[in-house]
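Where a number appears in this text, it was derived from the coordinates with a stated rule and is not lab data. Being a predicted model, the structure only gives us computed values, none of them experimental. A quick note on method: Cβ atoms are made from the backbone with ideal geometry, for glycine too, and the neighbour counts reach across all protein chains shown.
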Amino acid sequence: MSTKRFPIAPRRNTPGSPPRVWPWFASVVLSVGLTTSPTVGANLLDYVESVRSGAAVVYVAQVEHVHTEPHERHSYLRAQARLEVVGVFRSQEETPPDTATISFSSYDEAHPPPVGGHFYQLTPGERVLIFADRFDASLGARISLMYRSAHRPLEDTATELRKQLIEMSDDEMELHRIDESDRVSQRELYDRILSFLEVSTNETSAHEVR
């Protein structure tokens, strides 16, 4: 299956100012809730909009295969997933790959995750929306954030991220480390993602009817 390409926005630089403590945490907590990572003790700065704005690649993919194994030094699992890339919305490459391999931390009943950090459980056949630093089929990309269709429809996730972005006050934008130009760029990104997901969902539904 060939990768569907959309107008790709350039990467926006993440502001380099040091972390500051703010009282307006509601929008960040919402962002945490949209992921599937265990969130107790999570660093809220991992979920601010500048993390998604600063991701070098943004894409939707379907999980083809997942391999897990015990971590040699920790209680949780090391995991690697082979993905079919079905929609690319931001990339540094002129021709994004049709497949990708991502490495991540996972868990199960026998290997519980520690407090904090990003941990995921993926299932073959589900779709994921990924914000990462690169495509790297051999080593796996460092994942900034990943959202799963098995946890919540990706359309709902993208809609909520867009709504949150549009409704941010000036104080919340400062908390999320973005400015107005970032907001415009990210809104356009979410619009493209939603357009793709709507078409993709309709195609799937039509195929199921046939």
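Structure notes:
- For the range 100-109, Karplus couplings with θ = phi - 60° (6.51, -1.76, 1.60), whole Hz, Gly/Pro x: 8, 10, 10, 10, 7, 9, 9, 7, 8, 4
- Other-chain or far-sequence residues with amide H under 5 Å of E126's (modelled H): V63
- Each peptide in 55-62, 157-164 receives the mean, over its residues, of other Cβ atoms within 10 Å, and ordering these scores from highest gives 55-62, 157-164.
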